[in-house]
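One structure below.
We did not get these values from a lab; they are worked out from the coordinates using the rules stated. A quick note: this is a predicted structure, and the numbers were derived from the prediction, not measured. All Cβ positions, glycine included, derive from the backbone under ideal geometry; neighbour counts span all protein chains shown.
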Amino acid sequence: MLIVLTAPDAKLADLAASLSKQLAACSGRQLAEPAETATTAGDSKRPPTLSTAQSPGNDVITGLRTDLASAQATRTTLTAELASLNSTLTSLQVSLTRTFTTANSLARDKALLERKLQDRDEELREKRKMLEGVLDEVVALTMQVNLLEQERDGVREKVG
């Protein structure tokens, strides 16, 4: 899994570096302070006690450890949140892909139905024209029949 440093991760890394520098500075002071205390006290036989020499350093170290624990807890929380957001992103991308596929399918279906509708409309127009033509022929034939009947009736009257 690829981990990308975000702004909170970068801040966390900066904090860790700062804490490391402070820890190194405190360790350097602790080493220097007992030597100074021993030479300035004038009693080179009696080394300074650990509790008095390291007491201020222990407070700093304890504070640094607390800060580091807090930073690590924050990092863990942010990492879990990032994993959750990544899974949400993945599921939304899959959903978006399905939605696009469905939309494309519906667009193809719509185009097909529109084409069928146009074809049916054209077919109905042609049938209407044919029907009008047939009706015109029926009217013409009816008129011819009427004329022929009139002629027949006229011929019968002459003959009869």
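The residues neighbouring residue 120, those whose beta-carbon lies less than 12 Å from its own, together hold a net charge of -2 under the Lys/Arg +1, Asp/Glu -1 convention.
Net charge of the neighbourhood of residue 67, taken over other residues with C-beta under 13 Å away and scored Lys/Arg +1, Asp/Glu -1, is +2.
Label-to-label distance for residue 97 and residue 69 is 4.5 nm, based on points extended 7 Å past Cα in the beta-carbon direction.
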